[in-house]
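The values are calculated or read from the model by the stated rules, or taken from the named source; none is laboratory data. Computed from a prediction, not measured in an experiment: that's the story for all the values here. Note that we place each Cβ from the backbone using ideal geometry, even for glycine, and neighbour counts take in every protein chain shown.
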Amino acid sequence: MQTILIVEDNKAYQELYSEFFLEKKYRVIQAFTGDEGMKKLIHHNPDVLILDLAIPGLSGRSLLMEIKRHNKNLPVFIVSGRVGMQSDPEIELCSQVKGFFEKPVPMDKLLEEIIKVVPQIPTETPLENKGWIGKKIQGCTIAECIGRGGTGVVYKAKRGKIDVVIKILYLNKSHAPNGQEAEQNHTETVEFDDTEERIARFQREGKILTQIAHPNIISLYDAGLLEGDTYFIIMEYFDGHGLDILLDKERRIPLKEAINIVEQIAEGMLAAHKKDLIQRDLKPSNILYNRQAKCLKIIDFGSARAIKVEQTLTQQGYVVGTPLYMSPEQCLGSALDHRSDIYSLGVIFFQLITGALPFIKDGAMQILFAHVYEAFEWPPQYRYLAPLGIQNMIYKMLDKSKDKRYPSMFDFLQDLKKIKQEIPS
């Protein structure tokens with residue numbers, strides 16, 4: 001598997017690049033500053049470098065000059081929000097630079113240019129099976145692999161007669177199972193080389209789930225350290241699929257069902273908010289839904305934080321979330337509270353009803369800009385899909401000012417339950 005190092009300080013773009021190249025079977029290494037990029041360049045010896053010149057710390061231009069001196073064979077692709085960067089004589093004369101792309105970057109074209117310089121090597125499936133199938137963890141017998149990422153694996157297991165899910169994080173990635181057990185359901189994720197961040201996210205999810213007990217939030221049974229370098233979380237197994245899969249299949253959901261879904265999400269998030277916890281990454285793929293049983297569970301609290309901690313971290317410039325569902329204050333890297341989750345739920349509500357998103361743009365940066373500066377308007381062609389009362393609720397949820405949104409999930413639920421009674425089954 002070939003390695004791409006992406007040196008880019010914008011988290012939204014990092015997510016965009018990573019998701020695209022992981023799907024194309026590349027290994028992705030992320031760096032958010034020039035200094036971090038230099039360290040990872042030396043440590044990982046990547047096959048390709050994607051570089052934004054406007055990065056903090058060691059400048060992109062300085063990093064490029066270091067590469068010119070020490071790694072003459074590394075192909076570099078420059079991405080920039082500035083027009084005319086390719087005219088810079090210092091950059092133009094650097095033989096490693098194989099292409100220039102202005103943001104928003106056309107990903108297929110970027111891949112095409114990368115393959116011209118570094119042809120893809122087919123990924124081989126390792127024959128050795130180092131998996132956990134049949135083994136026991138805390139009284140749970142592992143039955144099958146149901147998902148896998150760059151540094152962890154998700155298993156279905158039995159705890160007596162009860163089905164559970166075991167998430168395993170490997171601090172030493174060489175210990176991660178890589179055999180046939182994961183082939184059918186393999187879902188590659190970005191490899192974060194910052195071990196401390198991976199551990200913190202994993203531990204945070206476990207800690208948060210112990211604080212919330214609610215029918216619409218996945219339950220935690222156990223968590224801990226295993227064999228010195230392997231963390232585990234044992235969670236409730238829920239027979240459902242991501243809400244995003246249903247949306248991909250059907251595009252939009254009948255109004256009454258959409259209201260029931262949003263009501264359950266709001267009930268679960270209200271329980272989290274009562275513990276002063278905000279989700280920060282509420283989106284359809286983080287919601288498991290069983291359509292037959294008409295019930296759902298919110299999952300993946302690895303991005304969630306206590307409100308006081310969140311306000312401290314955002315002062316240091318952290319931005320977390322998925323651009324399509326991020327609140328304006330989240331896009332700006334400002335301090336968040338529960339009203340940010342209300343905005344994200346408003347995006348989901350609109351998407352469930354219409355099959356569209358409030359802001360449809362060509363790139364991540366344009367989406368972030370729209371969340372912050374463009375007024376939301378309910379498209380005329382979708383007005384027949386929801387009564388005016390529902391439309392007004394979503395307008396309120398998607399207000400740019402958090403002070404003009406619902407003050408709490410409780411207040412939102414009060415309005416939702418009232419209007420639900422007025423809608424025929």
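Give Asp222, Asp239 a once-over and let me know the one that is touching a Leu at 6+ places or on another chain (Cβ under 9 Å) and either hydroxyl-bearing (Ser, Thr, Tyr) or modelled with pLDDT of 65 or more (or both).
Working: Asp222 fails: touching a Leu at 6+ places or on another chain (Cβ under 9 Å).
Answer to the selection: Asp239.
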The stretch 384-412, subset out of contact with any helix residue (DSSP H, G or I) (no Cβ under 6 Å at 6 or more places or on another chain) and not in a helix (DSSP H, G or I), residue farthest from Asp276 (Cα to Cα): Pro387
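Filter the stretch 217-231 down to residues that are touching a residue at least 60 places away in the same chain (Cβ under 8 Å) and in contact with an Asp or Glu (Cβ under 8 Å, 6 or more places away or on another chain) and give me whichever is nearest to Gly355 (Cα to Cα).
Narrowing the stretch 217-231 to residues touching a residue at least 60 places away in the same chain (Cβ under 8 Å): 217-218, 221-222, 224, 226, 230-231.
Then drop every residue that is not in contact with an Asp or Glu (Cβ under 8 Å, 6 or more places away or on another chain), which leaves 218, 221.
Numbers: Ile218: 26, Tyr221: 36 Å.
In this case the residue turns out to be Ile218.
Can you name every residue in the stretch 408-423 that is surrounded by fewer than 13 Cβ atoms within 10 Å (Cβ to Cβ) and in contact (Cβ under 8 Å) with a residue 24 or more places away in the chain? Give the derivation first.
From the stretch 408-423, those surrounded by fewer than 13 Cβ atoms within 10 Å (Cβ to Cβ) are 414, 417-418, 421-422; that's our starting set.
Result: Lys417, Glu422.
Inspect the stretch 249-263 for any residue being assigned to a strand (DSSP E or B), in contact (Cβ under 8 Å) with a residue 12 or more places away in the chain and within 21 Å of the chain's Cα centre (by Cα) and give the result as yes or no.
Taking the stretch 249-263 first, the residues assigned to a strand (DSSP E or B) are none.
No.
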Selection count, the stretch 324-341, where residues are within 17 Å of the chain's Cα centre (by Cα), closer than 18 Å to Ala266 by Cβ and not in a helix (DSSP H, G or I): 1
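Determine which member of the set Lys361, Lys402 is at pLDDT below 90 and either under 30 Å from Pro56 (Cβ atoms) or surrounded by fewer than 16 Cβ atoms within 10 Å (Cβ to Cβ) (or both). Show your work before the answer.
On the way: Lys402 fails: at pLDDT below 90.
Going through Lys361, Lys402 in turn, just one is at pLDDT below 90 and either under 30 Å from Pro56 (Cβ atoms) or surrounded by fewer than 16 Cβ atoms within 10 Å (Cβ to Cβ) (or both): Lys361.
Residue-by-condition table, conditions (1) within 22 Å of Pro424 (Cα to Cα); (2) buried (at least 17 other Cβ atoms within 10 Å of the Cβ); (3) outside the structural domain of Asp276 (by TED's automatic domain parsing):
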site	(1), (2), (3)
Ser344	no, yes, no
Gln351	yes, yes, no
Gly355	yes, no, no
Leu368	no, yes, no
Glu374	no, no, no
Pro379	no, no, no
Arg383	yes, no, no
Met393	yes, yes, no
Met397	no, yes, no
Failed condition for Pro387, given (1) over 25 Å from Ala12 (Cα atoms); (2) in contact with a Ser or Thr (Cβ under 7 Å, 6 or more places away or on another chain); (3) without any contact (Cβ under 8 Å) to a residue 60 or more places away in the chain: (2)
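Out of all the residues in the stretch 26-62, which are assigned to a loop (DSSP other than H, G, I, E, B) and more than 22 Å from Asn73 (Cβ to Cβ)?
Phe32, Thr33, Ala54, Ile55, Pro56, Gly57, Ser59
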All positions within the stretch 161-170 that are outside any strand (DSSP E or B) and in contact (Cβ under 8 Å) with a residue 12 or more places away in the chain: none
Top-ranked residue in the stretch 64-80 [being in a loop (DSSP other than H, G, I, E, B) and under 12 Å from Pro46 (Cα atoms); ranked as modelled with the lowest pLDDT]: Asn71
